1. Of the residues SER563, SER515, SER532, which is modelled with pLDDT under 80 and either among the hydroxyl-bearing types (Ser, Thr, Tyr) or on the phi > 0 side of the Ramachandran plot (or both)?
2. Considering only the stretch 378-409, how many residues are surrounded by fewer than 21 Cβ atoms within 10 Å (Cβ to Cβ) and under 25 Å from the mean Cα position of the chain (by Cα)?
3. Hey, among GLY567, GLY580, which residue is small (Gly, Ala, Ser), closer than 15 Å to LEU544 by Cβ and part of a loop (DSSP other than H, G, I, E, B)?
4. Out of all the residues in the stretch 294-315, is one or more of a type outside the set (S, T, N, Q), in contact with an Asp or Glu (Cβ under 9 Å, 6 or more places away or on another chain) and closer than 22 Å to ILE223 by Cβ?
5. Can we say VAL357 is over 30 Å from ASN436 (Cβ atoms) and either of a type in the set (Asp, Glu) or in contact with a Cys (Cβ under 8 Å, 6 or more places away or on another chain) (or both)?
6. Looking at LEU439, LEU466, LEU435, which is the one that is assigned by TED's automatic domain parsing to the domain that holds LEU569, aliphatic (A, V, I, L, M) and within 19 Å of ILE609 (Cα to Cα)?
7. Which ones in the stretch 432-468 are over 19 Å from ARG410 (Cα atoms), touching a Lys or Arg at 6+ places or on another chain (Cβ under 8 Å) and at pLDDT 90 or above?
Amino acid sequence: MAILSASQLEKEFRAAQTVARRLEGDLYTRVGASVLTAGMITWSGMVTVALIWMACIFVNEIIEPSVVRQLLRNNEASKKRLALYTLHITSGSAIWAGAGVALWVTGDPAIMTLGAVLLLGTLMHVTLIYAVSKILVVSVSSPLIIAMGIMALLVVADDGIATRDKTIVIFSVLILLAYLVMLLLTNMETQDEMAKLSEDNARLAREDTLTKLANRRHFVEKIKITQARDEAFAIAFIDLDRFKPLNDEHGHAIGDEVLKAIANRLKASQAIDFAARLGGDEFGALITAPAKLDNLGEALNELSEGLVIPIAASIGPVSLGASIGCACADESLSDHSKLMHAADIAMIRAKSEGGGVATFDASIDAGMLEFAEVESAFRAAVISGQIKAALQPIKCVRSQAIKKYELLARWERNDGGRALTPDEFIPMAERLGLLNQVLWSTLDQALPEIRGTELTLAINISPSQLLSAQFFAKLNSILRTHIVPASQIELEITEQIAVRNDKENLAHLERASESGFSIVLDDFGTGYSSISLLDQLPLDKVKLDHSFIRSAMETDHGRKLLSAIVGLLKRMDLRCCIEGIETAETEAFVTSLGCEEVQGYLIGRPEIIRSKCEWSTLIAV
């Protein structure tokens, strides 16, 4: 044990702790086996031996808790504590080995068989329990193997046993011993392989496979550990300039060469203390050494200069730039996510200024930091289900009944941040590529409430969603899952759909209409709406923006314009819905014009779906 390396000591010490924990729950089994064995020794006529043996077992069990507590006292590997535990379990093995020999010397074939079985069973126990540690296996199995050797010698020395019987006994013991040793070695090999596999999995979970640097997960762990020490440190985000054109022109193989070369430079850099690949061509660095922090600007410039040296690639020298953003941990950036956002913002500023180094400056970057935090919170909200479905009723003028609802989204923040309106977070969702996830989530909440009813659900579709090849496939899949036909769904589009890629959008809308969806032109009259859209698109209904109502209620010209538009829609066989109905007077006016549907706070405010009971109450109202 004195020649164990530090890593071997660590491994053996952890294995011994594992064994100790396993054996803590094995007390009753050991006591039961001890009593049974003592009884057999007594039955064989060796009462004194049985009493001495039980006394040894009792002392061993009394000592056990103290030895185990010493071993598990703390996680710092100790040769002394490992040696003490090894000596303890070896003495226990020797006691059991003694029982086997005591039974063997009786000369009674049945009792001798019991002694042999006792030793072999104990050796099997070693195989199952102690195989995680080579030291423990050798120490615990040695007394048992020595005892079996003594038993074989006793058989050889006994002149009263025929040579044939001696041969059978010895070979039987040797065969069983060889089998158990093979089993023990195989078990140890399996344990080693499992340990190596576990280590490999742990390493891969924290390592970037291409560059062999730490990955983002490991980098975050490192930041948290450094923060917990309450020491000064800084982090840097590094983004390679001109990497994407290089990758596009020469292929991923050359790109990988460059990334590996950059990783090697980061590993060798004296300017930083820890490096990681965060993803793509973005890297992270941790600076903890006081000397480097005192001269942080110099350290970052040194890092930058080392990264922009041309790289010797298989296509020849490759020159790249590097944009480095740095943030120092302080009270305002005490949270690791804020600190990383700050470094990222500084890096973006460095890139916008043509590369080089930039350090986070609250007076310059505070607005961007807040924006980044909101984006991060929104991503988390989408994943955690904080985006809730809300339904606003649409009333049929003729029947005065609520037969339709518009699906809206609401962000219920649970992190204490400012609640954003849909006008703020919906554009954010589209920019972050999360708009579909918001729609699928809110649909999953709303569709069960209209299944099996005659209600219609109106959903808003953006131009980017309509252009996606997978959008309608996913939408139809969700409808099938909830057993809701397309005829119960209205797709609300804006004029932007017609303006952007009009031919392609038109084809998508026509297919949707043929599939049973109703197509609604929303917010008509708010942008550059053209009357020609009413003829170009496969529309079933037009929703007039609430601005028409304000104008109509304030001016005679506005009333005439609204009346003319409603009349035009009726002549084109297009249903008309007017938004912004907030007073009974307004509702009476638009009803007199002949519009089919009305929507607004008078009809009902958007209500978040909370439960089936609440939804039923909402319908009743």
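1. Details: SER563 fails: modelled with pLDDT under 80; SER515 fails: modelled with pLDDT under 80.
Result of the check over SER563, SER515, SER532: SER532.
2. Matching residues across the stretch 378-409 total 8.
3. Numbers: GLY567 fails: part of a loop (DSSP other than H, G, I, E, B).
Only one candidate qualifies: GLY580.
4. no
5. Values: over 30 Å from ASN436 (Cβ atoms): yes; either of a type in the set (Asp, Glu) or in contact with a Cys (Cβ under 8 Å, 6 or more places away or on another chain) (or both): yes.
For VAL357, the condition - over 30 Å from ASN436 (Cβ atoms) and either of a type in the set (Asp, Glu) or in contact with a Cys (Cβ under 8 Å, 6 or more places away or on another chain) (or both) - is met.
6. Working: LEU466 fails: within 19 Å of ILE609 (Cα to Cα); LEU435 fails: within 19 Å of ILE609 (Cα to Cα).
None of the others qualify; the one that does is LEU439.
7. GLU454, LEU455, THR456, listed by residue number.
Conditions tested, residue by residue: (1) under 26 Å from the mean Cα position of the chain (by Cα); (2) within 15 Å of ALA327 (Cβ to Cβ); (3) among the polar types (S, T, N, Q).
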| site | (1), (2), (3) |
| --- | --- |
| PHE243 | no, no, no |
| HIS250 | no, no, no |
| VAL258 | no, no, no |
| ARG265 | no, no, no |
| ALA271 | no, no, no |
| LEU278 | yes, yes, no |
| ILE287 | no, yes, no |
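The values are calculated or read from the model by the stated rules, or taken from the named source; none is laboratory data. This structure is a prediction, so every number in the text was calculated from the model and none was measured. Cβ: placed from backbone, ideal geometry, glycine included. Neighbour counts: every protein chain shown.
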